[in-house]
Amino acid sequence: MTSLMVCKYPDVFAAAAAWCPITDFRAWHAQQNGYAPHVEAVCGGKPGQSPEVDFEYTRRSPRTFITNAANCRLLIGHGDKDYTILVEQSWNTYARLKPLPQHGVVFHSWSAGHQDKTAEGLDWASQFVLPAEPPRRLDIVTDEAKAYFWLHLTPAGPLVLGKCTAVLVRRGDAVSAKETAPETKLTVHAEGLAEASVDLGALGLPAPAELPEGCEVNGSHLRIVVGGEGGLYE
């Protein structure tokens, strides 16, 4: 639940520590360690039984949404002798962040079974506060219509994961060792979404003079009508 809450509300939590977490419900069901009937009860059946059941396994798994936590501090700790929830669950989830080298997630493993280090986790989390400036890059996956920082996403359907990578480069930002950005540019890549909305006010951006097709400005919000097929908007 700690991992999932941080992924669902990365703008609320400055830091959190999750010990020996379930991050993939399919993998935990496949262990057949006695908990499989309980997993089936909450997900509505076994994996592969129906699209609805499969989506429940997906949406209850923090691994699905782990890139959402890239802009907060999440410590994932897992004993390497845990036979209730295998340590590979945590490692394989952490590995999904490899394409995002600036992420704030930490993986920690030690010689132990299914146990936590509560005091150590609280001490670690207490170092951090919410940053004053909004993040420049968001890599969001969502199963529901909701806001993440300055981005609001609406999936294209009830059994669809909406995905969006939004990157803001401000004029003067270093884009290479010898080059800076000549202008401020917001790039939004969306898929599986009905629409996306960018809070320009939260970013301190004016309404753009020219808009890509499918975009409109309503007050301080830039609305992008995606329509499910996906697209790149600049």
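Throughout, read-outs are computed from the coordinates displayed, never taken from laboratory work. Remember, it's a predicted structure, so these values are computed and weren't measured experimentally. Cβ sites come from the backbone with ideal geometry, for glycine too, and all protein chains shown count toward neighbours.
Numerical summary
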| quantity | calculated |
| --- | --- |
| Inter-label distance, nm, simple model (7 Å from Cα along the C-beta direction), Met1/Ala181 | 3.9 |
| Set of aspartates and glutamates with alpha-carbon distance to Lys185 below 14 Å, sequence-local pairs under 8 removed | Asp173, Glu210, Glu234 |
| Stretchable slack from Ala207 to Ser111, in nm (0.36 nm times residue separation minus alpha-carbon distance) | 29.2 nm |
| Helix-derived mean residue ellipticity, 222 nm - over the chain, DSSP H n ≥ 4, -39500 (n - 2.57), to 500 | -6000 deg cm²/dmol |
| Shape category assigned to the chain from the gyration tensor of Cα positions, a/c cut at 1.5 | oblate |
| Where labels lie 7 Å past Cα in the beta-carbon direction, separation of Glu120 and Val42 in nm | 2.5 |
| Rounded, prolate or oblate (a/c below 1.5 giving rounded, otherwise prolate when a/b exceeds b/c) for region 116-162 by Cα gyration tensor | oblate |
| Relative contact order (%) - criterion: Cα under 8 Å, at least six apart; region: the chain | 17 |
| Gain in span if fully extended, Glu144 to Arg171, counting 0.36 nm per residue against the direct Cα distance | 6.4 nm |
| Relative counts (whole %) of C-alpha pair distances in region 43-166, using bins that are 5 Å wide | 2, 9, 16, 17, 19, 16, 12, 6, 1, 0 |
| Anchor Lys163: aspartates and glutamates whose Cα lies under 15 Å away (excluding residues fewer than 8 positions away in-chain) | Asp139, Asp143, Glu144, Glu191, Glu195, Glu229 |
| Förster-model FRET efficiency, 30 Å R0, Glu52 and Arg223, C-beta, rounded to 0.05 | 0.50 |
| Shape call, region 1-103: gyration tensor on alpha carbons, a/c limit 1.5 | prolate |
| Contact order normalised by residue count of region 160-223, Cα under 8 Å, 6+ apart, percent | 28 |
| Per DSSP, loop chymotrypsin sites (Phe, Trp or Tyr not before Pro) in region 29-83 with at most 13 further Cβ within 10 Å | Tyr83 |
| Mean separation of Cα contacts under 8 Å, 6 or more apart, over the residue count of region 113-173: relative contact order % | 29 |
| Of Lys8/Lys46; Lys8/Lys81; Lys8/Lys178; Lys46/Lys117; Lys46/Lys98, pairs whose Cα-Cα distance is over 27 Å | Lys8/Lys81; Lys8/Lys178; Lys46/Lys117; Lys46/Lys98 |
